[in-house]
Amino acid sequence: MRKIGIIGIIGCLLFGGFMTAHAESPQFSETYNKVMDKLENLNCGESFTAVMETEKTEYNLGSPLEIRLQSEQACYLTLMDISTNGDIAFLVPSGIVPDNKIEPERTYSTLNDFKLDMKVAKPD
């Protein structure tokens, strides 16, 4: 079972052209900096709608976390756990979840489809 900070997971769900920015002030890991540089320099093509949601709006520490997602177009999902110090663990794709292709209009579950047993935890 993996303990994941809910904010880190929600902030790291990336579909195609969706990007996040990062601040330069904290010292992050070399892997984090490389990943963020790649993301910032993506040549984004046509955009499309992707929806991500959780069952509840509030969680207690230790509660199970399931994320549901759906895309209007076929795409590939990248789901990362980024710690507060910038260390990155790739959850999808990974050795456990190698297939990250998302079919259009199908609802996927991190628990049922990707078998990710995640719990809400405080940031590291």
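The values are calculated or read from the model by the stated rules, or taken from the named source; none is laboratory data. All values reported here derive from a predicted model rather than from experimental measurement. Glycine also receives a Cβ, built like all others from the backbone with ideal geometry; neighbour counts cover every protein chain displayed. Just so you know, the surface numbers come from the protein's heavy atoms only, side chains and all, with ligands and any DNA or RNA stripped out. Shrake-Rupley method; radii C 1.70, N 1.55, O 1.52, S 1.80 Å.
Quick look at the numbers
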{"item": "Matching residues, segment 25-49, being farther than 14 Å from ILE88 by Cα and either part of a loop (DSSP other than H, G, I, E, B) or at pLDDT below 80 (or both)", "result": "SER25, PRO26, ASN41, LEU42, ASN43, CYS44, GLY45, GLU46, SER47, PHE48, THR49"}
{"item": "Filter result (of a type in the set (A, V, I, L, M, F, W, C) and open to solvent by less than 70 Å² (accessible area, probe 1.4 Å)) within segment 28-47", "result": "PHE28, VAL35, MET36, LEU39, CYS44"}
{"item": "The lone exception for CYS75 - which of (1) among the hydrophobic types (A, V, I, L, M, F, W, C); (2) more than 16 Å from the chain's Cα centre (by Cα); (3) crowded, with 16+ Cβ neighbours inside 10 Å it fails", "result": "(2)"}
{"item": "First in segment 95-120 and over 14 Å from GLU55 (Cα atoms) and basic (Lys, Arg), second anywhere and open to solvent by less than 70 Å² (accessible area, probe 1.4 Å) and not in a loop (DSSP other than H, G, I, E, B), Cβ under 9 Å, 6 or more apart", "result": "LYS101/CYS75; LYS101/LEU77; ARG106/GLN70; ARG106/SER71"}
